[in-house]
Amino acid sequence: MESSAESKGLLDVDLGDFKTLEQFIIEQEDRFPHSTGAFSRLLRDISLAAKIVNRDMRRAGLIDIYGDTGETNVQGEVQKKMDALAHREFVLALRRGGECCLIGSEEHAEAIPLSTSSAGDGKYIVLLDPLDGSSNIDVNVSVGTIFSIYRLPDGYDKEKPEPDAALQPGTQQVAAGYVVYGSSTMLVYTTGSGVDGFTLDPSIGEFLLSHPQIQTPNRGGIFSVNSGYYHAFDEGLRAYLDWLQEYDPETNRPVKTRYIGSFVSDFHRNLLKGGIYMYPATKSSPEGKLRLMYEANPMAFIVEQAGGRATDGQQRVMEKVPHKLHQRTPLFIGSPDMVQRAEAFLHGDDERVASVSD
Ligand code: AHG
Ligand code: MN
Ligand code: MN
């Protein structure tokens, strides 16, 4: 017999039939017959830490977590209280879960080995920027977390992994993702079969699949760069920035500029809308500012999986062979046509510039 809810048509109302992150991961893992569930548990641990950081961030003005710790991190940068807190929450969650045997974090000089005697298999390495854009926290602007996941290579002991086990090129990543603590909190990740985005529903404390199979547009109407450093950029890049700002409606120029100063937030916006994010080398920072292992590589994996492109100006970011955990790299990342044109300008190659379609 028809229930009264059915007869009134209430069950036809679209209340949002969303899949949770956990359901999604399990479904993905079921596709691989020999999977042990370890990767699902690792992502569960990461998403739990993200929820805890999110909770603290949402109350940041009310509890004493704004401001600096008074310490500098390994990069010599001022450490915010939230940097330290986010680092701690991710390390605790990964240690508790037992699936990760080695963590590399922006907030710690050396990679941190974890005892794997607890619940899990301890076969993964996680590299992290626990809090990205932290200079924006005190003024209530979106920040994020970035993570990159590798397998412990053969020949290493998971009970005592050498720190250099973390020094793998980005092409070896098994997964990468970020969390943006924005107007809503989203977790976006890839395991190499596209990019999926999940929005946190704070009322039930679950990440729900809201952006399946994200594709970035081939070109977009946004460029993001700290143009305050214009005079420190090399000639090719200055020519590209000038070109973007020329008036030519036929080729949709000038292109808008948007720069939050939180890489995760700038990247997320450009991924969805189409655009290019640049953090180039400057005269005083010839290696650029962003970190290869836990900022550039994970975002490069995501952008490529979404149809985009990431280069350091000379080569594909993910093919760079790392020589240290906190290595920096110049970065040009985003919509493929825009990144290709930037590369042509950087090389001073007029023919290539002309051959990229508008
Ligand atoms: P973090 O907060 O993890 O140190 O990263 C800050 C980075 C990145 O998020 C942002 O895009 C960039 O620094 C901004 O640098 P500038 O202020 O030099 O533009
Ligand atoms: Mn960062
Ligand atoms: Mn950071």
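Residues in region 203-251 that are in a loop (DSSP other than H, G, I, E, B) and more than 30 Å from Thr20 (Cβ to Cβ): Asn218, Arg219, Gly220, Gly221, Val225, Asn226, Phe233, Asp234, Glu246, Tyr247. Screening Gly155, Gly177, Gly133 for residues that are under 17 Å from Gln305 (Cβ atoms) and outside the structural domain of Ala306 (by TED's automatic domain parsing) leaves exactly one candidate, Gly177.
I'd like the residue in region 170-192 that is over 15 Å from the mean Cα position of the chain (by Cα) and either open to solvent by less than 10 Å² (accessible area, probe 1.4 Å) or free of Cβ contacts under 8 Å to residues at least 24 places away in the same chain (or both) and, out of all such residues, is nearest to Phe32 (Cα to Cα). In this case the residue turns out to be Gln172. Might you check whether a residue that is touching a Ser or Thr at 6+ places or on another chain (Cβ under 8 Å), among the basic types (Lys, Arg) and under 26 Å from Gly194 (Cα atoms) occurs anywhere in region 271-289? For region 271-289, residues touching a Ser or Thr at 6+ places or on another chain (Cβ under 8 Å), among the basic types (Lys, Arg) and under 26 Å from Gly194 (Cα atoms): absent.
Only residues that are open to solvent by less than 40 Å² (accessible area, probe 1.4 Å) and away from ligand 2 (no atom under 12 Å from the Cβ) were counted in region 256-287, giving 11.
When the residues of region 131-169 are filtered to those that are open to solvent by 60 Å² or more (accessible area, probe 1.4 Å) and without any contact (Cβ under 8 Å) to a residue 40 or more places away in the chain, the one that is nearest to Phe267 (Cα to Cα) is Val139.
Ile125 satisfies every condition listed in (1) open to solvent by less than 10 Å² (accessible area, probe 1.4 Å); (2) away from ligand 3 (no atom under 15 Å from the Cβ); (3) within 22 Å of Phe207 (Cα to Cα) except (3). Filtering region 100-120 to residues that are touching an Asp or Glu at 6+ places or on another chain (Cβ under 6 Å) and of a type outside the set (Gly, Ala, Ser) leaves Glu106, Glu107. The set of residues in region 90-110 that are within 16 Å of ligand 3 (Cβ to nearest atom) and either surrounded by fewer than 21 Cβ atoms within 10 Å (Cβ to Cβ) or in the same structural domain as His323 (by TED's automatic domain parsing) (or both) comprises His108, Ala109.
Each row is one residue, and each column tells you yes or no for (1) within 26 Å of Ala111 (Cα to Cα); (2) in contact with a Phe, Trp or Tyr (Cβ under 7 Å, 6 or more places away or on another chain); (3) not β-branched (Val, Ile, Thr).
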| residue | (1), (2), (3) |
| --- | --- |
| Tyr189 | yes, no, yes |
| Ile222 | no, no, no |
| Ala232 | no, no, yes |
| Leu241 | no, yes, yes |
| Arg258 | no, no, yes |
| Lys273 | no, no, yes |
| Met299 | yes, yes, yes |
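Of the strands (runs of 3 or more DSSP E) contained entirely in region 252-358, those carrying at least 1 residues that are more than 16 Å from ligand 1 (Cβ to nearest atom) fall at 309-311.
The values are calculated or read from the model by the stated rules, or taken from the named source; none is laboratory data. Since this is a predicted model, take the numbers as computed values, not measurements. Glycine also receives a Cβ, built like all others from the backbone with ideal geometry; neighbour counts cover every protein chain displayed. To get the accessible areas, we keep the full protein, side chains included, count just its heavy atoms, and leave off ligands, DNA and RNA. Shrake-Rupley method; radii C 1.70, N 1.55, O 1.52, S 1.80 Å.
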